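See below for the structure under consideration.
Throughout, read-outs are computed from the coordinates displayed, never taken from laboratory work. None of the values given here were measured: they were computed from a predicted structure. As a convention, Cβ positions derive from the backbone with ideal geometry for all residues, glycine included, and neighbour counts pool all protein chains shown.
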Amino acid sequence: MNIVDYLLDGRANSEKDFILNPSEKISFKELTRRVASLTEGFYCHVGTGQKIILIGKNSTEFIIAYLATMKSGNVCVPLDPQIKQSELDYIVEQVKSVTIFIFGKTKLKAKSYPYRSTPPEDKDLAQILFTSGSTGRPKGVKLSHQNLIANTKAIIHSLRLTQEDVMCATLPFHYCYGLSVLHTHLRVGASMVLNNSFVFFGKLISDLLEYECTGLAGVPSHFQMLLRKSTSFSKTSFPALRYITQAGGKLFDGCIVELKGYFPDALIYIMYGQTEATARLTCLAPGSLLAKLGSVGKPLQGVRIKIEREEILAKGESIMMGYLNEPPLEGGWLHTGDLGYLDNEGFLYITGRKKEMIKVLGKRVSPKEIEEVILKVDPVIDCQVKGAPDEITGEAVKAFVIIDNNKSDEYTCKKNILAACKVFLPDYKIPSQIEFVNKLNKK
């Protein structure tokens, strides 16, 4: 079975609304019909086996195109709407894409290919998600229909989701965490509210109350902003809120305790995963939240975890097929690059990262990519980019820079560095801290 038939199974005649926003509202029945219609359109005008890029914010139209792409036997490549042209050009070259959806700006551009009506199989490639690699270039993570189905089943089992749930969807659908939220709630017949303006706390709070949302998912920066910057979130009662899920990086232990204190009746799930694992690998159940504070829990159903030389390795049906244009995984084991240990009860703890990646707003950032941009600025002699603790983003991008003081002063150089970064990097990769030093510590 392909992922789309699995997600929409039994929903073809359901009049229940899946998306609740007035401007986006759609029932399961209408969603199924429109996905089927666009699938036929792909068969006739695009063919199958093609790489189709989707660029846009969360919307009903995005969901329909996303599902129809995979149901038609094509491969979906969802990308961040803030992507820079140079990075988009690189990805297009890597996937050899001929079709791009840019929602809100242009219409579908397509070529004609031979018609093939055979539906995709579970082992076929379903999507490619791009994530920052250790070299700075984005790497394409190949996920099969089977990968997506296995991870969806495991997450539903852990979270005990039902058709009565209503999720406030703040995570973007080009991100594996956001897609896992979409998949799980679609599968169980739950409803969703699309919120593309998380930074506006008032809108988030009103959505949670107006639609009586039972679920909220976020990365560490989401909850840290709500606890540190919102004056009303912690003081507002959300009687319908049943569960909160957190992944995409480590949430400070103090914030977890604080969050639990504000919402004693909500079930808080701490989860850990990677794009390469189709989103989630482990889950810390609410009953163990305080007793195992600092842990990311135990492996999800169907996942095996082991530690080799302190590195966390994972194996299971949800582990990716491999990276685009690279050999398959050796022995089926995913080397996560994260360091950690298992306690005597099998709970996983993460202690650091093997490769010095920075995680900002739940997204992996390569220091090398940023360093290359900074080094292009004329007075810069050398630089080093590291992650620095940040109450809001979890980690902040910090640049240590050595300059030729005979060519420029620090104030002017800082302006030039930021200007260069704005040209070549998305906003979340731009250093929020720049320190001028005489020597770099590159140990």
Check your understanding: Excluding Ser180 itself, what net charge comes from residues whose Cβ is under 11 Å from its Cβ, given Lys and Arg +1 and Asp and Glu -1?
Key -> +2
Exercise for review: At a temperature of 4 °C and a viscosity of 1.567 mPa s, determine how fast the stretch 271-397 diffuses translationally according to Stokes-Einstein, using the Kirkwood radius over alpha-carbon pairs as Rh; express D in µm²/s, rounded to the nearest whole number.
Suggested key: 79 µm²/s
Check your understanding: Taking the stretch 358-436, how much of its Cα-Cα pair set, in percent, is spaced more than 16 angstrom apart?
Key -> 44 percent
Review point. Just checking the chain: which Cys have no other cysteine's beta-carbon under 4.7 Å?
Key: Cys44, Cys76, Cys176, Cys255, Cys283, Cys383, Cys413, Cys421
Point to revise | the stretch 296-361, dipole about Cα centre (Lys/Arg Cβ +1, Asp/Glu Cβ -1), debye to the nearest 20 | key: 80 debye
Exercise for review: Quick one: give the max-minus-min coordinate of the C-alpha atoms of the stretch 199-343 along each principal axis, largest first, in Å.
Suggested key: 50, 35, 25
Practice item. Go ahead and estimate [θ] at 222 nm for the chain from helices alone: -39,500 (n - 2.57) per DSSP H run with n ≥ 4, summed, over the residue count, rounded to 500. Key: -9000 deg cm²/dmol
Study note, to complete from the structure: Residues whose built amide H sits under 5 Å from the amide H of Ser14, excluding neighbours closer than 5 in sequence, are Lys29
Review point. Which whole-Hz couplings ³J(HN,Hα) result when phi for each residue of the stretch 291-307 is put into the Karplus expression 6.51 cos²θ - 1.76 cosθ + 1.60, θ = phi - 60°, listed in order with x for Gly and Pro?
Key: 5, 10, 4, x, 8, 9, x, 10, x, 5, 3, x, 10, 10, 10, 9, 10
Review point. Sequence-distant or interchain residues sharing an amide H contact under 5 Å with Phe436, placed H: which?
Key: Val401
Study note, to complete from the structure: Taking the square root of 5λ for each eigenvalue of the C-alpha gyration tensor of the stretch 3-353, the equivalent ellipsoid has semi-axes, largest first and in whole angstrom, of 31, 26, 18
Review point. For the stretch 3-353, what is the charge dipole size about the Cα centre, in debye to the nearest 20, if Lys and Arg each add +1 at the Cβ and Asp and Glu each add -1 at the Cβ?
Key: 500 debye
Review point. Exactly which GluC sites (Glu not before Pro) in the stretch 1-49 are in a DSSP loop and have at most 16 other Cβ atoms within 10 Å?
Key: Glu15
Point to revise | Karplus 3J(HN,Hα) series, Hz, for the stretch 400-406 with 6.51 cos²θ - 1.76 cosθ + 1.60 (x for Gly, Pro) | key: 9, 10, 10, 10, 8, 5, 6
Point to revise | Over 30 Å (Cα to Cα) - which of Lys355/Lys439; Lys142/Lys439; Lys359/Lys414; Lys260/Lys415; Lys84/Lys439; Lys315/Lys354 fall in this group | key: Lys142/Lys439; Lys260/Lys415; Lys84/Lys439
Review point. Which shape class, rounded, prolate or oblate, goes with the stretch 1-86 when its Cα gyration tensor gives a ≥ b ≥ c as root eigenvalues, a/c under 1.5 marks rounded, and past that a/b bigger than b/c marks prolate?
Key: oblate
